[in-house]
Amino acid sequence: MVKSGSQKLDEVFTTIGVVSQEPWDTKRMEYYNAYFKKNEIYYEENYRPEISDSSLLIDEIEYIQTPWQRPYYGAHMKDYVLTRLESRNVDLDGLRDLIVEVTPVEDCTLVDTHLMKIEKIIFGYDSYSNMEIEVIGNDPEDTTMFYKDKKYIMCLMATVAPKEDGTLTHAFTPTMAAATTQYYNGEHTKAKFEFYDEVTEGFYEREEGKRWLELKDALQRQLETIPVLPADSTDSLLAFHKGKAYIEEGADLSVEEYESGEKVCLVSQAFARYNNLAIGDELELPLYYANYGTIPQKFFYTNSDNWYYDFGLLNKDNKAYPVFFQEKYRIKGLYTAVSGESWEDSMPMNGVVIPAKSVTAKDEDNIIDYGPMLEGNTTFQIQNGTVEEFMKNWQAYGNTQLEFEFYDKGYSLVEGSLKRMEKMAIIFSIVGLIMMVSLVFFFCNIFITKQRERAMIERLLGVSKKGVMISLLTGFLLFSAVSVGIGTGLGTALTGVFQEETRTEAIFDLTYSNINVDEANVYEQIPLTVDVREVLAVPIVTLLFIAVVAAIFARRIVRDSPLEMLGRREDL
């Protein structure tokens, strides 16, 4: 029974590995802080060339799910209500990102902070119209002059900056949304970080003006975008694996649905509530970009003011990305998520989980960004209890640029206790088996062999051999059945008590392990209950053994004729 429980642990617990690439080198850099008018230090980590997830595929390591640097997809959901953070509206009623036409209050460069007057809102709320805003440059080498009698278009991000008196004021700085970060043909597109242009007559009919209109549409579409998470299993997402997200309604996606690429999905309960969606409804997902550069929680985060664009919204041709895959998915489950301890073990706002194999179109022309294996975007699954073996094989392989973290929900702790129980069970089983065989022979001798006189008399009275055997065995087997039944009942009851104590111990261990899991779920799922089939099998096999041994003893008595039996009695 304990061995069976050990096997069932593998159905409940999974061991997930997370890969992170170490930087090749780190450089000390300086940049000019235009607001404080001084140089500041920062450190830039170099991850290029990025190590591919295929580098983890070595013969010595066996995976249940192979390593995969998982992207997330952007799905344009124009007609849906999306949950948003109020803190994303940095101004009282304005969006954080703006495309505006401005005129400088006075001639200036953007080496320092200068006032600009908003003349026209291209993207953003009208409340900014005619406002004077502080614009902070970010490139000390850009000494382009801005003249107060000219008009400029800019893509800016609203932020806050400290004033001399310690209070905060709104300021605006260039945003990465205006850059191009597309990864195309295995190479990074050189970023075109052009966040401003001079607006002249006929500007929007020319190529440079059309780029800004594309950027406007792309920003609007991003506001209407939700992250779609392709996965090989729900458990490969750390938020679910660590118990920070769980199915609230409906059911999880099955192994078969993941493997076959079924068009089914998991949707956040909040998103479903806002849009009156229920289990069984269809959700059409128009996917238009794939982001391999980071995890979606950094942008679509549930509890942070520090969101920002770290990718550009236009492709290498200065166009908004077209839809590359569009299908309807049946909602199978609604999940609830709580904020994790980090981005990695949280779920993004409005996130939808789909089987990775359900996306049949290639995303190679729509990779909006690409980066190293970092922050939980690359996971794999190995057999429970094989972490040490994995690390030994990997260290022999010799690649030191990758770091690994493993999450097993406390399996190693439960497994240790269970293995000790298995050893004890084997010892008790052997001792019990020896005792049972001895007792069976002992009682067969008492209840059958010692009944030779009775058997002789019955034979002399004309009872057949078969009838004598039935007479000898009936009482003994009835006694044995009652004894085995009582023993089985007591054993099952005591096993239940022992297992309840083991459950309590396991929960204690999980609480203080480095694995943060939902204790209630683990309590319910640890397979320490008694298997009914095993409970029935043990007494049945025992009774069959007793019956066979008893039949052999009885046959030895009745095989002789009554006269031979009488002769043996007189000899005695």
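Miscellaneous remarks
- Principal semi-axes of the equivalent ellipsoid, √(5λ) from the alpha carbon gyration tensor of segment 347-452, are 58, 20, 13 Å from largest down.
- Excluding ligands, DNA and RNA, the accessible surface per residue across segment 250-301 is 39 Å² with a 1.4 Å probe.
- If the chain linking K120 and N39 were pulled fully straight, counting 0.36 nm for each residue of separation and taking away their Cα-Cα distance, it would gain 25.9 nm.
- If you wrap the Cα atoms of segment 197-304 in a convex hull and average its projected area over all directions, you get 10.2 nm².
- Each peptide among 311-321, 47-57 gets the average number of other Cβ atoms lying within 10 Å of its residues, and from highest to lowest they stand as 311-321, 47-57.
- Of K120/K150; K392/K419; K298/K409, those spanning more than 20 Å from alpha-carbon to alpha-carbon: K392/K419; K298/K409
- Nearby lysines by direct alpha-carbon distance to K38 (threshold 21 angstrom, same-chain neighbours under 8 apart not counted): K27, K163
- Highest average first, the peptides 352-360, 123-131 ordered by how many other beta carbon atoms sit within 10 Å of their residues are 352-360, 123-131.
- Remark: the A356-Y184 segment gains 59.8 nm on full extension, using 0.36 nm per residue and subtracting the alpha carbon distance.
- Candidate lysines - alpha carbon under 29 Å from K465, same-chain residues fewer than 8 apart omitted: K450
- Ranked by the mean number of other Cβ atoms within 10 Å per residue, highest first, peptides 325-332, 212-219 order as 212-219, 325-332.
The values are calculated or read from the model by the stated rules, or taken from the named source; none is laboratory data. Bear in mind the structure is a predicted one, so any value in this text is a computation, not a measurement. Neighbour counts run over all protein chains shown; Cβ positions are idealised from the backbone, glycine included. Quick note on the areas: whole protein, heavy atoms, side chains included, nothing else; ligands and nucleic acids left out. Shrake-Rupley method; radii C 1.70, N 1.55, O 1.52, S 1.80 Å.
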